[in-house]
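Participant: Following this message is one structure expressed as structure tokens.
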Amino acid sequence: MDLNLRHKILNLDCPQVMGILNVTPDSFSDGGCFVTPDALQLQIEKMLQAGVAIIDVGGESTRPGAQQVGLAEELERVVPCIELIRRISDVPISIDTSKPEVMRAAIAAGADMINDVNALRAEGALKAAAELGVPVCLMHMQGEPKTMQQQPEYTDVIQQVLGFFVERIAACEAAGLARENIFLDPGFGFGKTVEHNFQMLKKLELFHSLGCPLLVGISRKSMLGAVTGKPVEQRLAGSLAAVVVAALQGAQVLRVHDVAETIDALRVVQATQMEER
Ligand code: 7PJ
């Protein structure tokens, strides 16, 4: 299975690494790290050198309790960053946003894909994505970032997330998006308890049933802190273990902070999987 991005074709038969590039002053694990152009460029070069498949640029933190960011400010954060990456590389870029205006500006600046934690539910987002014609990632979230961790509740988290995907895929297809351009992401930590998150990770392969490639973001998340007792800056080993669990169940794209380490871990997984999926 190949994914057609504007700047490259990505082979999804082996797991690919999406590197997180947060240009926000308040992200939970690396907020404020890359706000100067030099620090930003260094981080980009580090990811490129490690062999990142996609760089995910985000200008609005969606961590629990995070404040929303205005349109002008989000544009000001992400557009120069995308332009900077484009000046030095043709690496595929995804834009982590829920705002249709940011989607359009980001694609115009050189991004190749839309990553929306709100699954294109904002007014105008479906239309923008359909017109732009690029691949999209639909992530599941219960509630909204400000309040989503207050009391997450499901009778069956996997079935309910699958039901959400069925509805969003139908909405996307009705709006003119091609199904082969849709990634699904169960949304670890987005309106889920630690138990919900591990139920989803344990049975991740069930999410393949809709025929779309899976994108998984677990890197450094609090579910890992809950079982290791480690603060966010000490969750690399936990993150790698989680990535391996996801990759063994066929997750196609892994969204991570630690690109080089994750690529090593995935190479080891791949060495044990000689036949193709
Ligand atoms: C995710 C995301 C995720 C997708 C964030 C963080 C919080 N996009 N954006 N999946 N998480 N697709 O980086 O931990 O899990 S922001």
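Participant: Kindly check whether there is at least one residue in segment 227-235 that is more than 21 Å from Q149 (Cα to Cα), free of Cβ contacts under 8 Å to residues at least 40 places away in the same chain and open to solvent by 60 Å² or more (accessible area, probe 1.4 Å).
Facilitator: Taking every residue of segment 227-235 in turn, at least one turns out to be more than 21 Å from Q149 (Cα to Cα), free of Cβ contacts under 8 Å to residues at least 40 places away in the same chain and open to solvent by 60 Å² or more (accessible area, probe 1.4 Å).
Participant: Right, next: What are the pairs, 6+ residues apart or on separate chains, where a residue within segment 49-78 that is in contact (Cβ under 8 Å) with a residue 60 or more places away in the chain and on the phi > 0 side of the Ramachandran plot has its Cβ under 6 Å from a residue that is open to solvent by less than 40 Å² (accessible area, probe 1.4 Å) and not small (G, A, S)?
Facilitator: Cβ pairs passing all conditions: G51/I263.
Participant: Now for a different question. Quickly run through segment 44-85 and pick out the residues that are under 19 Å from I114 (Cα atoms), open to solvent by 40 Å² or more (accessible area, probe 1.4 Å) and not aliphatic (A, V, I, L, M).
Facilitator: Within segment 44-85, R63, Q68, G70, E73, E76, R77, P80, E83 qualify.
Participant: Further question on the same structure: May I ask you to list pairs of residues, at least six apart or on different chains, whose Cβ atoms are under 9 Å apart, with the first in segment 208-222 being farther than 18 Å from N11 by Cβ and the second being assigned to a helix (DSSP H, G or I) and of a type in the set (D, E)?
Facilitator: If the second residue must be assigned to a helix (DSSP H, G or I) and of a type in the set (D, E), the pairs left are R220/E233.
Participant: Among (1) open to solvent by 20 Å² or more (accessible area, probe 1.4 Å); (2) touching a His at 6+ places or on another chain (Cβ under 6 Å), there is one condition I88 misses while meeting the rest; what is its number?
Facilitator: (2)
Participant: How many residues does segment 103-127 hold that are surrounded by fewer than 16 Cβ atoms within 10 Å (Cβ to Cβ), farther than 17 Å from G143 by Cα and free of Cβ contacts under 8 Å to residues at least 40 places away in the same chain?
Facilitator: Of the residues in segment 103-127, 2 are surrounded by fewer than 16 Cβ atoms within 10 Å (Cβ to Cβ), farther than 17 Å from G143 by Cα and free of Cβ contacts under 8 Å to residues at least 40 places away in the same chain.
Each row is one residue, and each column tells you yes or no for (1) in contact with a helix residue (DSSP H, G or I) (Cβ under 8 Å, 6 or more places away or on another chain); (2) open to solvent by less than 20 Å² (accessible area, probe 1.4 Å); (3) under 22 Å from A170 (Cβ atoms).
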{"residue": "P92", "(1), (2), (3)": "no, yes, no"}
{"residue": "I95", "(1), (2), (3)": "yes, yes, no"}
{"residue": "E101", "(1), (2), (3)": "yes, no, no"}
{"residue": "Q150", "(1), (2), (3)": "no, no, no"}
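Participant: Inside segment 7-23, can you point out the residues that are open to solvent by 20 Å² or more (accessible area, probe 1.4 Å), assigned to a strand (DSSP E or B) and more than 17 Å from S219 (Cα to Cα)?
Facilitator: Within segment 7-23, K8, I9, N11 qualify.
Participant: For segment 236-265, which positions are more than 15 Å from the ligand (Cβ to nearest atom) and either within 16 Å of G19 (Cβ to Cβ) or buried (at least 22 other Cβ atoms within 10 Å of the Cβ) (or both)?
Facilitator: Those that are more than 15 Å from the ligand (Cβ to nearest atom) and either within 16 Å of G19 (Cβ to Cβ) or buried (at least 22 other Cβ atoms within 10 Å of the Cβ) (or both): L240, A247, A260, E261, I263, D264, A265.
Participant: Any idea which residue in segment 168-223 is surrounded by the fewest Cβ atoms within 10 Å (Cβ to Cβ), counting only those that are more than 10 Å from the ligand (Cβ to nearest atom) and of a type in the set (S, T, N, Q)?
Facilitator: S209
The values are calculated or read from the model by the stated rules, or taken from the named source; none is laboratory data. All of these numbers come straight from a predicted model, not from anything done at the bench. Every residue, glycine as well, gets a Cβ built from its backbone with ideal geometry; the counts of neighbours run over all protein chains shown. Each accessible area value is taken on the protein alone, full model and side chains, heavy atoms only, with ligands, DNA and RNA left out. Shrake-Rupley method; radii C 1.70, N 1.55, O 1.52, S 1.80 Å.
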